[in-house]
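We did not get these values from a lab; they are worked out from the coordinates using the rules stated. The structure presented is a predicted model; accordingly, all values stated were derived computationally and were not measured. All Cβ positions, glycine included, derive from the backbone under ideal geometry; neighbour counts span all protein chains shown.
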Amino acid sequence: MTDKNEWGSNLSFVFAMIGSAVGLGNIWRYPYVLYSNGGGAFYIPYIVAILIMGIPFLILEYGVGYNFKSSFAKAARKINSKCEYLGWFLPVAVFMIMIYYSAILGWDGIYMMLSFTKGWGADPNNFFTTTLLQSSDSFMGLLNFIPVIAVAMLAGWIIIWFISHRDLEQGLGKVSKILVPLLFIIMIIIVAFSLTLPGASIGLAELFNPDWSLLTHFEIWMAAFGQIVFSLSLGMSIAFTYASYVKDDADLITNTISIALANSLFENFAALGVFSILGYMSLQSGTPVADLVSQGTGLVFIVYPTVFNVLGQWAYVLGPLFFLTVYLAGLTSILSTIEPLSFSIQNKFASTRSRTMTALIIVAAAISMIYATSFGGSLLGFVDTFINQIALLLGVVIECIVFAWIFKVEKLIDFLNSKSKTIKLGKWWLIIVKYILPIFISIIWIGGMFDVAK
Ligand code: PHE
């Protein structure tokens, strides 16, 4: 019976967490955020965000998850029966992220195939927006592509199902130990190659050129905190759920530091790669780097194919490798987004892991098909905004209140410290998770709501 929710070792836990953290946020979001928020100067708010939020908050989520060893919804109910609905809100929100992510995974799968022949043609912009997304008039283009998108997404769901419905260690644990190191290796190859391109230094100079004056602006601090929340997958009950699967005693504090470091390392590699390539493109086309910069689907599905078009033979190696990195990064994140809801359902209805996963994946696959084909970009854009600006930050505040205040996290400090081989928690940690974070994040959240309303 496949019903085990336990990591086989600490390594599986750490790699699975890194797999969840390293995702599209690192590849297509971070380089742009770094560039447009002061370049080199951005490192100050970025490091502050990691130190006062990323690490302290992850320790909180892990500590409480480890303490309860049960699903998020069940723990919320135990903390206070009035909290149960909050305990379901987050796992459901994070399940929605999965559906959104899976559409991108499907597109990326298509591009991975196309990259062997540069099948996107001479005009990648037109190919993506018209042929693939049917953003304008070419309905015929989409009709041709519906079966292709459906097959690509179905393939993704089959892989996800294949990994997720097994015992935790047999599926997610094993897969993370292979895919996460692989992801880093491929990224290093891509970056090493990009750095040798003529013009790379133009792109990097543009990226890191510090604008110190921005440090006094609220926006760049907001951007740094927003990036860390998204990139480390904070406040989404994922870290909680993963820690509840830890069987033996683990040094959660040291694990947290390793995970945060690996995540930052990866996104900074990605920024080096992206901007070296933009520098190269700028040299080739005479267009300033500033005019080439983009993020999101535009970067991955338009800018990169455009570069591969002018890259000659190397494109046939680099193209598939690049789309494979995006695929693996997306896949390991998706695998984490299903765990909180699945475990909550298993706990509530006493159903098995394999049955719950199978049912959830069928539901998600069905919704994602509609999503990736019929409405294309607009719905995706809306969900993206909703998730980034509203759900994720709200998750952090909710968890701070429920865990730090209602659960009274003081009681975990001694236990966490006794296992830690690195830093020890003290009063400073309580002040951060009880006061600084909820207040600070609420301010950012309100700022973000104004952005959404705009
Ligand atoms: N951390 C992931 C990334 O950087 C995104 C993510 C957020 C994944 C929330 C799961 C949950 O892409």
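Worth pointing out:
- Packing-based exposure ordering (other Cβ within 10 Å, fewest first) of PHE89, PHE415, PHE343: PHE415, PHE89, PHE343
- Whole-Hz ³J(HN,Hα) from phi, Karplus 6.51 cos²θ - 1.76 cosθ + 1.60, for region 116-132, glycine and proline x: 5, 10, 6, x, 7, x, 6, 10, x, 5, 5, 4, 6, 6, 9, 5, 7
- Acute angle (nearest 10 degrees) that the helix 315-349 long axis makes with the longest principal axis of the chain, alpha-carbon atoms: 30 degrees
- Across LYS4/LYS434; LYS174/LYS408; LYS82/LYS434, pairs whose alpha-carbon gap is larger than 31 Å: LYS4/LYS434; LYS174/LYS408
- If R0 is taken as 25 Å, the Cβ-Cβ distance between TRP314 and ASN209 corresponds to a FRET efficiency of 0.35.
- Segments 94-103, 345-354, 429-438 sorted - mean Cβ within 10 Å per residue, highest first: 94-103, 429-438, 345-354
- Paramagnetic label zone (point 7 Å from Cα along Cα-to-C-beta, PHE116; backbone N under 19 Å) in region 153-193: 153-156, 159
- For the chain, the C-alpha radius of gyration divided by 2.2 N^0.38 Å, with N the number of residues, is 0.95.
- THR196-VAL148 FRET efficiency (beta carbon distance; Förster radius 41 Å; 0.05 resolution): 0.75
- Residues ILE228, ILE188, ILE44, ranked from the fewest to the most other C-beta atoms within 10 Å, line up as ILE188, ILE44, ILE228.
- Per residue, the chain reaches -21500 deg cm²/dmol at 222 nm when only DSSP H runs of four or more residues are counted, each adding -39500 (n - 2.57).
- Each peptide in 67-80, 328-341 gets a packing score, the mean of other Cβ atoms within 10 Å over its residues, and the list from highest to lowest is 328-341, 67-80.
- Relative intensity, log₁₀ I(q)/I(0), of region 1-101 from a Debye sum that treats every alpha carbon as a point, q = 0.13, 0.14, 0.15, 0.16 Å⁻¹: -0.70, -0.81, -0.91, -1.01
- Legend: ranking of residues ARG355, ARG29 from fewest to most surrounding C-beta atoms inside 10 Å; resulting order ARG355, ARG29.
- Virtual spin-label span in nm between ILE423 and ILE401, 7 Å along Cα→Cβ: 2.6 nm
- Fully extended contour minus Cα-Cα distance, from VAL363 to TYR43, at 0.36 nm per residue: 111.1 nm
- Rel. contact order, % - alpha carbon contacts under 8 angstrom, at least six apart, the chain: 35 percent
- Simple spin-label estimate for TYR85 and HIS217 in nanometres, 7 Å along Cα-Cβ: 4.0 nm
- Shown in residue order for region 187-197 are the 3J(HN,Hα) couplings computed by the Karplus curve 6.51 cos²θ - 1.76 cosθ + 1.60 at θ = phi - 60°: 4, 4, 4, 4, 5, 4, 5, 4, 5, 8, 5 Hz (x for Gly and Pro).
- Descending by average beta-carbon neighbour count within 10 Å, the peptides 283-295, 15-27 line up as 15-27, 283-295, the highest first.
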